[in-house]
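A short worksheet on the structure shown next.
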Amino acid sequence: MSGDGSQYVGQQILGAGLVIAIDGPSGAGKSTIARLSAAELGTNFLDTGAMYRALTWYALRQGADLNDPSALAMLAYSIPMQVEAFAHAPRILIEGRDVTRLLRGEEVNRAVSQVSAVPGVREQMIARQRQIIQAAKASGRGIVAEGRDITTVVAPDADVKILLTASPQVREQRRARQQGAGSDSVAARDFADSQVNNFTTPAPGVELLDSSDLDEQETMEAVVAIVGRAFQARQG
Ligand code: DC
């Protein structure tokens with residue numbers, strides 16, 4: 001349960017179609033925090049990392065050559081992927097099959113940075129992400145979208161932009177708890193991903209939220225408070 005404050009923000013923004021963009025490095029807790037915040041605010045939720053993971057899963061399954069950027073870009077264009085952006089049950093379907101639970105395995109972890117670094121792949125994924133965000137905005141429901149380049153590239157005109165960080169030690173601990181120690185090095189993936197997006201320093205208009213000393217509930221409430229303040233400022 002949450003405090004009255006965050007429920008109140010949810011009521012205030014009802015029907016406003018707010019777009020809330022959250023970026024941050026691996027292990028900062030983005031997915032969990034974005035999903036909890038979306039559920040609290042009553043908006044949709046988009047995990048863009050899961051889209052890159054789904055494409056990677058599909059490429060591996062198709063036996064695609066991960067060193068061939070045009071083959072990967074072609075797959076990104078043609079992948080029969082459906083993204084369901086509901087905060088209470090977010091799902092990704094490929095050819096009608098729910099693959100959500102298959103996306104955090106060892107093989108996908110290892111390959112996803114390489115796949116998501118291909119410019120042609122990003123172009124296709126970003127176009128799909130913008131469609132999902134636009135639809136949520138137009139419906140009045142709004143959306144919390146999280147990833148690495150949401151505040152800067154996918155939705156730089158979002159109503160609220162947050163960079164969610166935590167110290168490297170805390171992020172390493174959280175990943176280890178999630179996946180079993182050593183299965184996915186935060187430092188290695190940070191390095192690979194930072195070759196593509198600069199998500200460690202906030203761009204102008206982006207609010208920095210350091211969750212090192214906060215638990216999930218506190219971090220979610222901090223996000224909701226930022227949304228509340230931004231909404232009030234917008235109302236003048
Ligand atoms: O957040 P995650 O660990 O599920 O992300 C999986 C990979 O996708 C990660 O290596 C970085 C990449 N990614 C990206 O390049 N751009 C995004 N908007 C989201 C994720």
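Compared with the direct C-alpha span, the chain from Gln178 to Thr201 gains 5.7 nm at full extension, assuming 0.36 nm per residue. Would any residue of segment 41-83 have its amide N under 18 Å from a label point 7 Å out along Cα→Cβ of Ala127? List them or say none. Counting backbone N atoms under 18 Å from the label point, the list is 51-52, 55-56, 69-83.
With a cut-off of 13 Å between beta carbons, the residues surrounding Pro69 carry a summed charge of -2, where Lys and Arg count +1 and Asp and Glu -1.
Distance between the 7 Å Cα→Cβ label points at Arg91 and Gln62: 2.3 nm.
Residues whose amide H lies under 5 Å from that of Thr165, counting only those 5 or more places away or on a different chain, are Leu209, Asp210, Ser211; hydrogens are built 1.01 Å from N in the peptide plane.
A short reminder: the numbers here are calculations on the coordinates, not readings from a lab. Because the structure is a prediction, the values reported are computed rather than measured. Note: ideal-geometry Cβ built from the backbone for every residue, glycine included; neighbour counts use all protein chains shown.
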